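Structure first, then comments.
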Amino acid sequence: MQIRIKSTMMACAAVLLTLCGHALAQSDAPEWPALPTCQQGVANGKEWYNRVLIAGPFRLFYATEGEHAPPDLTDTDGNGHPDRVDDIATQLRAAYWFYTERLGLVSPLNQPRYANSGAIEIRLLRLKSGLGLAFDEPTGPNPWPAGQAVGNSKENTGAARVCTLKINMQSSIQASRASVPAHELFHLFQYGYSPFKTRWYLEGMASWAESALAPQRPTIDTGAPMACVDAVRLSYRADRFFQQLSVGPAAGGLALEPPARGDSAWAGKKYLDGAPVFKPGFLVNTAAPRKWLTVAGEFGELSSKRAGQDPRRWPEDLQRSTVFDDELCRLFVESVGRP
């Protein structure tokens, strides 16, 4: 298997050389057959949870006792779910609205790659390391907790589909103090557009995107522009590259304030502890991230076609390969100046 992966990477590296400097044509995108079934395994099992909260396209599975339960089960609004779980659901729904309505991104549930997925399941756990992990492969839905109603068809989004997308998240998270839910959700948007999982692209762009819901007001970096050669060496701190690219002269430097009253249901929305969901002074070009993810998708489709790879099933080593970094970064820079 390792030999096959390495040979695939070498083939794709050769393909990459032929792609550099060439325009990406939508007509080059292959038409892959729909995935008939979803994998089982990593996201299934119900030993640890006994409750689920449905919030739009999200299903939040959590425990009220044991090591995986949130450390504080206070239920201020009396809706039967702990405040911490409610607030995580609030941030997820707000981020989903922001990414789809304000940034104009296609929901992962509406992407061809996830045509057989009908919901996004959040598993609140006591993780051994890290704060969250978004999975790019759809898997079978979590079994419903015994004794809890599944809900009507409108609430139980995508009940007829066989797969769901999964995010593991630290159950101790306070959404009003951490934008982890928004960060991990953005990864699903990235996965829906392209197969690339190199860290500067995956973590840097997600760190930039979550800024609208971060606890602190973001500071705008006015320093020297970061070059691609420097950005591709970073991980989370590559957010500076995307921030600069989104507000630079080529992007138009547009200002995007939090939702105004009358603009949406999220205007003035607060968490249960009174903290605002959207932070003031968030600057972003609304068109930039849509352009970035679109060109990443086109480049991924074209690279897949030339290498004979299904764009939804790249080997993990190939997804994380740095061989595509320089060209991908160049495409991001060029895309910002396009209409």
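Residue check: is T64 over 23 Å from the mean Cα position of the chain (by Cα), within 24 Å of P215 (Cα to Cα) and free of Cβ contacts under 8 Å to residues at least 60 places away in the same chain?
Values: over 23 Å from the mean Cα position of the chain (by Cα): yes; within 24 Å of P215 (Cα to Cα): no; free of Cβ contacts under 8 Å to residues at least 60 places away in the same chain: yes.
No, not satisfied.
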Scan the stretch 97-113 for residues that are buried (at least 21 other Cβ atoms within 10 Å of the Cβ) and more than 22 Å from P195 (Cβ to Cβ) and jot them down. F98
Checking N116 against (1) open to solvent by less than 10 Å² (accessible area, probe 1.4 Å); (2) at pLDDT below 90; (3) of a type outside the set (D, E, K, R); (4) touching a Leu at 6+ places or on another chain (Cβ under 7 Å), only one condition comes out false. Which one? (1)
Restricting the search to the stretch 45-103, which residues are in contact with an Asp or Glu (Cβ under 9 Å, 6 or more places away or on another chain) and among the polar types (S, T, N, Q)? N50, T74, T76, N79
Qualifying position, being of a type in the set (V, I, T), modelled with pLDDT of 90 or more and either over 30 Å from D87 (Cβ atoms) or under 20 Å from the mean Cα position of the chain (by Cα) (or both), among V284, V336, V323: V323
Could you identify the single residue in L73, L133 that is over 24 Å from the mean Cα position of the chain (by Cα), of a type in the set (A, V, I, L, M, F, W, C), open to solvent by 20 Å² or more (accessible area, probe 1.4 Å) and farther than 18 Å from A55 by Cα? L73
Would you confirm whether or not the stretch 181-192 contains a residue that is under 26 Å from A89 (Cα atoms), touching a Pro at 6+ places or on another chain (Cβ under 8 Å), of a type in the set (S, T, N, Q) and part of a helix (DSSP H, G or I)? no
Residue list for the stretch 65-88, restricted to those being acidic (D, E) and part of a loop (DSSP other than H, G, I, E, B): E65, E67, D72, D75, D77
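Among the candidates A69, A89, A55, A43, single out the residue that is modelled with pLDDT under 95, of a type in the set (A, V, I, L, M) and on the phi < 0 side of the Ramachandran plot.
Values: A69 fails: modelled with pLDDT under 95; A89 fails: modelled with pLDDT under 95; A55 fails: modelled with pLDDT under 95.
Matching residue, one of A69, A89, A55, A43: A43.
So that you can scan it fast, the table gives a plain yes or no per residue for (1) within 27 Å of Q216 (Cα to Cα); (2) assigned to a loop (DSSP other than H, G, I, E, B); (3) modelled with pLDDT under 95; (4) open to solvent by 20 Å² or more (accessible area, probe 1.4 Å):
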position: L124; (1), (2), (3), (4): yes, no, no, no
position: P143; (1), (2), (3), (4): no, yes, yes, yes
position: A146; (1), (2), (3), (4): no, yes, yes, yes
position: S153; (1), (2), (3), (4): no, yes, yes, yes
position: N156; (1), (2), (3), (4): no, yes, yes, no
position: I173; (1), (2), (3), (4): yes, yes, no, no
How many of the residues in the stretch 73-103 are of a type in the set (G, A, S) and free of Cβ contacts under 8 Å to residues at least 12 places away in the same chain? 2
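The values are calculated or read from the model by the stated rules, or taken from the named source; none is laboratory data. Everything quoted here is computed from the prediction, not taken from an experiment. Note that each Cβ is placed from the backbone with ideal geometry, even for glycine, and that neighbours are counted across all protein chains shown. Protein only, heavy atoms only, side chains kept; ligands, DNA and RNA dropped before computing areas. Shrake-Rupley method; radii C 1.70, N 1.55, O 1.52, S 1.80 Å.
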